[in-house]
Amino acid sequence: NLSISVSVDDDDYSYSASFDKKNTSKVKETIARNLGKPTDESERTAYWEGKGYSVELRQGKAKIEMDKEKTTKSFQLKIEDLGDQISETLGQQKPPKPPKPPKAPKLHGSN
């Protein structure tokens, strides 16, 4: 029972996942590995917040919001990678890419 939604445009990045509550602690470890200790934490929620971004984790739900105009390119990549890592933690492989056509056989001889 896993639902992941990612929305990216020129200005914003948004990631949300709904998952089995038992995976909440694994997701939290993944986020903490990337962003450090939560800015704010209670028994049921953890929250990371900084300039231009916020990450919210509740039992069985994770949400990332980022304003690209307020964050650096390298940080944007880090946050987008975090979304991928959360998906992988939850057992979802990278979003399916359309199948590649088979590679043409390499011709031996002059290139």
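The values are calculated or read from the model by the stated rules, or taken from the named source; none is laboratory data. Since we're looking at a predicted model, the values are computed, not measured. FYI the Cβ positions are ideal-geometry reconstructions off the backbone, even for glycines, and counts take in every protein chain you see. SASA here: full protein model, heavy atoms, side chains in, ligands and nucleic acids out. Shrake-Rupley method; radii C 1.70, N 1.55, O 1.52, S 1.80 Å.
Applying a threshold of 28 Å to the alpha-carbon distances of 21/68; 22/68; 22/63; 22/51; 37/63; 21/73 flags 21/68; 22/68; 22/51; 21/73 as lying beyond it. Counting only protein heavy atoms and a 1.4 Å probe, the range 1-100 has 64 square angstrom of accessible area per residue. Label-to-label distance, residue 3 versus residue 85, with points set 7 angstrom from Cα along the beta-carbon direction: 2.6 nm.
Both the radius of gyration and Dmax for the range 35-96 are 12.2, 35 Å, in that order, over alpha-carbon atoms. Between residue 39 and 47, 48, 49, the built amide H atoms are under 5 Å apart, and every one of these is 5 or more places off in sequence or on another chain.
Counting protein heavy atoms only, the range 2-94 has 43 percent of its accessible area on carbon and sulfur, 1.4 angstrom probe.
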